[in-house]
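Everything on this sheet refers to the single structure shown next.
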Amino acid sequence: MWLHVQVFALRDAGDLAENATAYVSLEPCNHYGRTPPCTEALIKAKIKEVVVGMTDPNPIVASKGIEKLRNAGIDVRVGVEEALCLRLNEAYIHRMLTGKAFATLRTTLSMNGIVINQIGSGADQPGGYYSQLAKEYDGVVISSDMAKATTLPISQEAGAKQPLYIIIAQGEGSKLHIPFLDEESASNAIVLADSPVAVEPSGVSVSVLDEMNLDSILRILADRGLCSVLVDFRDAGGALASLLKDFQEDKLVQKVLVELSPVWMVSPGPSDLAFGGSQSFALKNVEHKEEPSTHLEPCQILLAQEMP
């Protein structure tokens, strides 16, 4: 819907759009998809001026939309608040340039650095950080262990579109039962497996991969139209850890988000996050946020970190 949102906005505006100025974060498209091109809609609506944040990196669009608008007599300004628009459209840009979905790794750590198989109290409620994350991403990558043991991630925000559940199944055997899915919600989940597996409930799409690695998974998701995915890491040493082994060296993860929980856990062994690549690296654009708690324990602390 990103590429054609202007079509719907102009429909809502009706005659009020005539001689108006349209502000868009991304160059209007000039090709047919599920709706006609945005350029045609802008021309038909008799828009006077279009202010464009950034040109579209999609080769079938790149500057062609701007050219068509100008040829139709519409004034076009390009590059207004470009840095902000690049940030806003980062997932779409990444998919266009790499052929892979934009990936954010999320996990919760105890105060002594142990991965916790839970999120902070209130984080998945309306206004909580996890509820908002689930709304912002096209899909959430989880392990089959998580899918079998806990409720699936959802957004509690008003009017939120729920993410696609991407369930990674390795060594599952012949059957996989996902208790928190029903027949109605099964179409909102896919299982990516290393061998044939029958999934309950029926209706869940299953793909058996020749190579179970994050690179191929992100390419498959991009081919399905997903721009951004949240990799929810909750089971140290499990399937997701093996997928993330060399994520930095292969440039597979673009952001890391860590929730620090105010508990001290008994360590089951070595560092639970000892993966990513063979060399240390610095993170940039580090942000810090305190998440209000619904109980009396200290607030959750969030670290949103962008990969170099």
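Every number here is computed from the coordinates shown, using simple stated rules; none is lab data. Fair warning: this is a prediction, and the values are worked out from it, not measured in the lab. Glycine gets a Cβ as well: all are built from the backbone with ideal geometry, and neighbour counts include every protein chain shown.
Report the antiparallel proportion of the DSSP beta bridges in the stretch 1-154 as a percent, rounded to a multiple of 5.
Of all bridge pairs located within the stretch 1-154, approximately 10 percent are antiparallel.
Please tell me the relative contact order of the chain in percent, rounded to the nearest whole number, where contacts are Cα pairs under 8 Å and at least six residues apart.
So the answer I get is 17 percent.
Taking amide H positions as placed 1.01 Å from N in the peptide plane, with prolines and chain starts having none, which residues 5 or more places from GLU291, or on another chain, fall under 5 Å of its amide H?
Residues meeting the criterion, in which the H sits 1.01 Å from N, are GLN300, ILE301, LEU302.
Output the Cα-based Rg and Dmax of the stretch 96-255 in Å, rounding Rg to one decimal and Dmax to a whole number.
That works out to 15.0, 41 Å for Rg and Dmax.
Run the numbers for THR98 and VAL80: contour at 0.36 nm per residue of separation, minus the present Cα-Cα distance, in nm.
4.0 nm is the gain from fully extending THR98 to VAL80.
Rounded if a/c is under 1.5, else prolate if a/b beats b/c, else oblate: with a ≥ b ≥ c from the C-alpha gyration tensor eigenvalues square-rooted, which is the stretch 2-88?
rounded
Given R₀ = 45 Å, what would the calculated FRET efficiency be for SER216 paired with ASN19, taking r from the Cβ atoms and rounding to 0.05?
Once rounded, the FRET efficiency stands at 0.35.
Which entry in [x] 22.9; [y] 21.4; [z] 19.0 matches Kirkwood radius over Cα pairs in Å derived from the coordinates of this structure?
Computing Kirkwood radius over Cα pairs in Å and matching it to [x] 22.9; [y] 21.4; [z] 19.0 gives [y].
Taking the Cβ-Cβ separation of VAL206 and ASP182 as r and a Förster radius of 22 Å, what is the calculated FRET efficiency to the nearest 0.05?
It comes to 0.80.
Using amide H atoms built in the peptide plane, which far-off residues or other-chain residues are under 5 Å from LEU257 H to H?
Here the answer is LEU105, ARG106, THR107, GLN305, since their amide H atoms fall under 5 Å of that of LEU257.
Using a 10 Å cut-off on Cβ atoms, rank the peptides 150-158, 277-285, 71-79 from the highest mean neighbour count down.
The densest-packed peptide leads the list: 150-158, 71-79, 277-285.
Restricting to the stretch 104-262, compute how many DSSP beta bridges are antiparallel as a %, nearest 5.
Beta bridges within the stretch 104-262, antiparallel portion: roughly 5 percent.
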